[in-house]
Every structure is written in C-alpha cells, then in structure tokens.
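A short worksheet on the structure shown next.
The values are calculated or read from the model by the stated rules, or taken from the named source; none is laboratory data. Just so it is clear, the model here is predicted, and its values are computed rather than measured. Here the Cβ positions follow ideal geometry from the backbone for every residue, glycine too, while neighbour counts run over all protein chains shown.
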Amino acid sequence: MNNEQNRLAHAPARFVCLRNALEALAVIAGAVLLAALSWEIIGGPGSHFSPIYLGIQFVVCLLFLLDFFVEWAAAERKGRYFWRNVLFLLISIPWLNLLDWGGIEVTRDWGMVVGLMPILRAFLAMVIIVRWLVRGNKMRRLLAAYVFTVVVFTYISGLVFFEYEAAVNPKLHGFGNALWWAWMNVTTVGAEIFPVTAIGKVFCIMLPSLGMMFFPIFTTYVLQEYTHKKEADR
C-alpha cells in the first residue's frame, strides 16, 4: 500500500484522477456483477446463462481490463508489473462471452466455474477499497478487510451451493437454506444439510477454514486495542 501511495504521489494529476475513477467504477461494477449473478442463480433460466447476464459480465470485464492496462501503462517497470499482476489480467477476461461467441457450448456447471472468475476480480477490488477506507493502524484495516471477506465469501458460497446442490440435494429447500448452510459452516457450527456434489464438498471445507482464520485476527485486534487503551490511561 505504501508503494502504491508513493507511486501515485509522483504520477500526473490526470492519471491519479483516472485511476481513482476506475477504482470507484470497479467497485460499483463488482456490486452490479454480484447482483446479476444472484439473479441468474436464484431466478434465472437455470439451464443456461441469460443474454442480460452475459452482457453485464462483458461490460464489467471491459472495465476491469481498462483498469489493468491503465495501471500497466503508468508502471515504471512494465515487465515486472505485468508478470506480478498477470493473474488479475486472466480473471478479468470475459471468458464466458468468448466461449459464447465462438459457439463453444459448455455445461452449466463448468460455465459457472468460468463465470466466477470476474467475481473474484471484483471481490479483490472491493477488499482493497475497504482497507483504504478504514482509518487507523494496520491491524484495524486487516480486521475490516477480513470481516468484509468473510461476509462476501459466505454469501457467494451460499449462491454456489444453491446452484450446484438445489437439484440433487433433498435437504436443500430454497436459497434461504443455502445461505443458512453457508453461515453455519463459516462459524464452524455446522448444518444438517450435507453436500452431495464435489463443489459443495469443497466449499464445505473452505468455509470453516475461513472462519477459523478469523478468530486469531480478531483476538489480536482486541488485545492490541486493549493494550493501546491501557497505555493511554497511564
């Protein structure tokens, strides 16, 4: 973050304005894409992706690509920037649209996996913005980013679980049950709904792992705040 701030401090004013505008648009676009994916899974056609969703994903991915190339053009060491951020480039490409235009048919299951990549890019942009908005020490910013990560990832997990399990899991009744399953697992309590698909089992492992990682961060934050308050009272 300090390197980013130092680089922007020496950048032209027009670039800084453009970069800030793209960051804000990336966050808004990410929220729109998540809302569109939610509609697609909960109330969409079911067997294929709707043209509206594909159009929204294409526009959002174009914005992510523009953000990447603006950063790349402004980088002092372009080769180093490219290879360090090539993953951001790969997950910003509208793969679903390319497959659709090429006439390549993929199953709904594999299409959902491919379609989640731009969501990951949007999610990373949101986490960075959350860390920047939170004032205070590094631990407070880390806690805010992690709480945001837990909330958004749990919601996305509920969407994915509902997508893959709704047709084959007799214990799953509606998206509300899927969201309840996700929250019970991230809190490590567990739920009476057991996954039957491979994707569902993967998320059933990832959610408790993410939840268990939260407790050390929260404990460290509380101890740090208590220590600072105790030192201030002396």
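Some observations on this one:
- Every residue from the stretch 117-154 that is assigned to a helix (DSSP H, G or I), basic (K, R) and modelled with pLDDT under 70: R131
- Only one of L18, L99 that is within 30 Å of F175 (Cα to Cα), part of a helix (DSSP H, G or I) and out of contact with any Phe, Trp or Tyr (no Cβ under 7 Å at 6 or more places or on another chain): L99
- Taking the conditions (1) more than 30 Å from T197 (Cβ to Cβ); (2) at pLDDT 85 or above in turn, A74 satisfies each one other than (2).
Conditions tested, residue by residue: (1) under 22 Å from M117 (Cβ atoms); (2) of a type outside the set (K, R); (3) outside the structural domain of L210 (by TED's automatic domain parsing); (4) touching a Gly at 6+ places or on another chain (Cβ under 7 Å).
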position: I156; (1), (2), (3), (4): yes, yes, no, no
position: F161; (1), (2), (3), (4): yes, yes, no, yes
position: E165; (1), (2), (3), (4): yes, yes, no, yes
position: H173; (1), (2), (3), (4): no, yes, no, no
position: W180; (1), (2), (3), (4): no, yes, no, no
position: F194; (1), (2), (3), (4): no, yes, no, no
position: T197; (1), (2), (3), (4): yes, yes, no, no
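- Check on V60, buried (at least 19 other Cβ atoms within 10 Å of the Cβ) and either over 21 Å from G158 (Cα atoms) or touching a residue at least 60 places away in the same chain (Cβ under 8 Å) (or both): yes
- If the condition is being part of a loop (DSSP other than H, G, I, E, B) and either among the polar types (S, T, N, Q) or within 13 Å of L54 (Cβ to Cβ) (or both), then the stretch 103-116 contributes V106, T107.
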